[in-house]
Amino acid sequence: MLRWMVGGLIVLAALGPSTPARAASRQKECADACAPLVTACGTTCGVFGFQEKSCRRAVLRRCRKEGVAACTTPTTTIRRSVTTTTRTTSTTTSTLPPMGDDCRRPFPLVLGTNSGDTSFASDSAGASCIPGPDTLDQVWTFTAPASGTLTLTVTTDWDAVLHVRTTCDDSGTEVACEDKFGGGTPEVRDVAVTAGTTYFVWVDAYNSDAYGSYSLTAQLQ
Ligand SMILES: [Ca+2]
């Protein structure tokens, strides 16, 4: 009899607090353990209030179901929740391309030496002396401080093309297109410029296999 009573006490002790108490305890544990992830929801979803709430709920729901380890070692579901909102934010904030990639953000061309790299650029322009598509390019903008001759020189070890427009996104305004040599020999082009007029200088490629770093020098006489 005594052995049964002791056994019963051991079983009751193993069961622990009653169910509502355990639920409250689990909620507190989850709130503590998941605080960094919930904060991440606010950071990554800040401009999307509704996503911030659903993100927080998803984190805490998973924790209550699987235990605090779900927050200390994030699992696939939680990662997906946070990653999805991160991607949305990223898409919103990355509407602008990298500098020089297209007409939205041309590099400012200075007199003297400029340098760039088309390895990760996109194909934003064609030109009259470029025969095919998929030619990676970067664009520079230059407003002539005086009328004269602008001498442009692009030096590469790949087959570059140099072309110039007066309206960045209008190929009909092309005023020069230079492609005399393959890689290793600089392309040089003189362009007559008018004081106050803005020109867009493209460092482009002869074909899709041509890309890389370059130097672009500009001299005005
Ligand atoms: Ca191109």
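The values are calculated or read from the model by the stated rules, or taken from the named source; none is laboratory data. Quick caveat, the model's predicted, so the values are computed rather than measured. Here Cβ is always computed from backbone atoms with ideal geometry, including for glycine, and neighbour counts include all displayed protein chains.
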In this structure, does Ser128 turn out to be in contact with a His (Cβ under 9 Å, 6 or more places away or on another chain), at pLDDT 95 or above and within 15 Å of the ligand (Cβ to nearest atom)? yes
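Sort out which residues of the range 132-152 are aliphatic (A, V, I, L, M) and away from the ligand (no atom under 14 Å from the Cβ), and write them in order of number. Give the derivation first.
Pass one, the range 132-152, residues aliphatic (A, V, I, L, M): 136, 139, 144, 146, 150, 152.
Ala144, Ala146, Leu150, Leu152, listed by residue number.
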Would you say Gly196 is of a type in the set (Gly, Ala, Ser) and without any contact (Cβ under 8 Å) to a residue 40 or more places away in the chain? no
Counting only residues that are within 14 Å of Glu174 (Cα to Cα) and of a type in the set (A, V, I, L, M), the range 191-221 contains a total of 5
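One line per residue, one yes/no per condition, for (1) under 16 Å from Ser215 (Cα atoms); (2) without any contact (Cβ under 8 Å) to a residue 40 or more places away in the chain:
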residue	(1), (2)
Ser119	yes, no
Thr141	yes, no
Thr166	no, yes
Thr185	yes, yes
Val188	yes, yes
With respect to Tyr206, determine if the residue is over 24 Å from the mean Cα position of the chain (by Cα), away from the ligand (no atom under 12 Å from the Cβ) and not small (Gly, Ala, Ser). no
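Condition (residue is at pLDDT 70 or above and within 16 Å of the ligand (Cβ to nearest atom)) applied to the range 83-97: is it met by at least one residue?
Going through the range 83-97, the residues at pLDDT 70 or above turn out to be 95-97.
Next, only the ones that are within 16 Å of the ligand (Cβ to nearest atom) stay: 97.
Scanning the range 83-97, I find at least one residue that is at pLDDT 70 or above and within 16 Å of the ligand (Cβ to nearest atom), so the answer is yes.
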